[in-house]
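See structure below.
Readers should treat all values here as calculations from the given coordinates under stated rules, not as data from a laboratory. Values in this document were obtained by computation on a predicted structure and should not be read as measured data. Because the Cβ atoms are built from the backbone with ideal geometry, glycine has one as well, and the counts that use them run over all protein chains shown.
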Amino acid sequence: MTADLRVELPAEDIEGLEFAAFLAAADASLSNLAHKRAPLRRVVVSADVPRASVCPLGGPERHPAAVGLRAPVEWNTVAAIHVDEAEAAEEVRAAIGGDSAALRRLEDRDLLWYAPQERPSLVAELERGKAVSSGSLLEPFRVVLFDLDGVLTPTAEIHRRAWSALFSEYLSGRGAAPFEDSDYFEYIDGRPRNEGVRALLASRGLTLPAGEPSDPPDAETVAGLGNRKNSLFTSAIAADGVAAYPGTADVLQRLAQADKSLGVVSSSANARAVLEAAGLVELFDVVVDGQVARNEGLAGKPAPDTFAFAAVRLGAAAGEAVVIEDAVAGVAAGRAGGFGLVVGVDRGTGAARLINAGADVVVGDLSELLAYGYNGRG
Ligand SMILES: [Mg+2]
């Protein structure tokens, strides 16, 4: 028991102080669970260690019950292990994502007690926990559906430069404030193309008629400016090509060799052109892009419709398919569609936001799908 905790809670007896320290440890274990390979259950391991093997922790943020370790804790000193029951996983997920109501519900939940001797069976049970265990993450699934921008190819940057080129010229011709990087994130990123045009123009007090989808790139309409951005984007990829993230083709080939059906589901109208430029198009059995969505009347992400359409095309039920996404809206689409597994790829959005949107697991890069033990031989 730390002296700091006694000062903090002078009215508590030793049992009360121990319980306070226990709850603080359960809380602290949540931050470890944001790690992508952890099961979504809080774990507290209680051990009897000599006072000399712990030391005070510095720093204003530390909990009064927290101590540092001078030496590793041996398993033979462990007195008890407490773990959330499996039903707590959804609340753990929400709490990691910053949902404070879920955190309070979790704090009211009792952890289950295990004797130290039960550790091997407990570990096996946690390992079986879906998706969050190590092992063959994608193995149970027949179909894998990938988002494009930010998952397979770093095309967001090319989009951003095309927007910048469009509006730098357009705004200077009208004496409006010049286009800034922050404008992209504020008015354009994540919106359908023409809505981005409209929002950016509105920010400068400009309005244009909507126009028609077939308007030429030099038309003074919202659709015309949208088409101009699109032609800047397509000429950039035609001129410079597109390099997929390193290792992407290798991951896709291994999955294809293991008889997975692979699909791309992208809001971009240029998905096929990007896949061709990146040399990946042959690896996919289906591509559902913005054009397909329009022709089929499918709602865009975060609605699950485009992913569901791709799964049906590949003859799979949602539960047999994996969705791999880097955007909050895309992860939410995978969750809403009841897919068998939703993998978030954290290219800067943050693991907590992806988990909170419904990702079962978060990786930093597709190569980690293989690191989970998937060797491509099924
Ligand atoms: Mg994306």
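Could you tell me which of A308, V197, L369 has its Cα farthest along the dipole of the chain towards the positive end, charges placed at Cβ (Lys, Arg +1; Asp, Glu -1), taken about the Cα centre?
V197
If eta is 1.306 mPa s and T is 10 °C, what Stokes-Einstein diffusion coefficient results for the chain, Kirkwood Rh from Cα pairs, in µm²/s?
D, rounded to a whole number, is 67 µm²/s.
Among the helices of the chain (complete DSSP H runs), which have Cα atoms covering no less than 20 Å along the helix axis and a Kyte-Doolittle mean of at least 0.0?
In the chain, the long hydrophobic H runs are 14-33, 222-240.
Size of the dipole of the range 3-128 about the Cα centre, Lys and Arg at +1 and Asp and Glu at -1 on the beta carbon, nothing else charged, in debye to 20?
Dipole of the range 3-128, to the nearest 20 debye: 560 debye.
What 222 nm value per residue comes from the helices of the chain, counting each DSSP H run with n ≥ 4 as -39,500 (n - 2.57) and dividing by all residues, nearest 500 deg cm²/dmol? Before the final figure, lay out each step's value.
On the way: 15 runs with 153 residues, N = 378.
So the calculated ellipticity at 222 nm is -12000 deg cm²/dmol.
For the chain, with only Lys/Arg (+1) and Asp/Glu (-1) charged at the beta-carbon, what is the dipole magnitude about the Cα centre, in debye rounded to 20?
560
Which one of Y170, S121, L103 is farthest out on the positive end of the charge dipole of the range 95-214, using unit charges on Cβ (Lys, Arg +1; Asp, Glu -1) and the Cα centre as origin?
Result: Y170, furthest along the dipole toward the positive end.
Return the FRET efficiency for the residue pair C55, D250: r is the Cβ-Cβ distance, R0 is 45 Å, and the value is rounded to the nearest 0.05.
0.50
If you find the alpha carbon centre of the range 318-369 and of the range 177-228, how far apart are they in angstrom?
Comparing the Cα centres of the range 318-369 and the range 177-228, I get a distance of 29 Å.
Quick query: amide H of S268 versus all other amide H atoms, modeled in the peptide plane; which residues come in under 5 Å with a sequence gap of 5 or more or a different chain?
Sorted by chain and number, the residues that satisfy this are G290.
Of E107, E180, E139, which has the largest mean-square fluctuation in a 10 Å C-alpha GNM of the chain?
E180
Give the order of E212, E325 when sorted by the count of other beta carbons within 10 angstrom, beginning with the fewest.
E212, E325
Comparing V151, V345, V45, which has the greatest mean-square fluctuation in the GNM of the chain with Cα pairs linked when under 10 Å apart?
With Cα springs under 10 Å in the chain, the top fluctuation among V151, V345, V45 is at V45.
Charges at C-beta only: +1 for Lys and Arg, -1 for Asp and Glu. How large is the resulting dipole of the range 1-77 about its Cα centre, in Debye rounded to 20?
520
Of V54, V143, V343, which is the most mobile in a GNM of the chain whose springs link Cα atoms less than 10 angstrom apart?
V54
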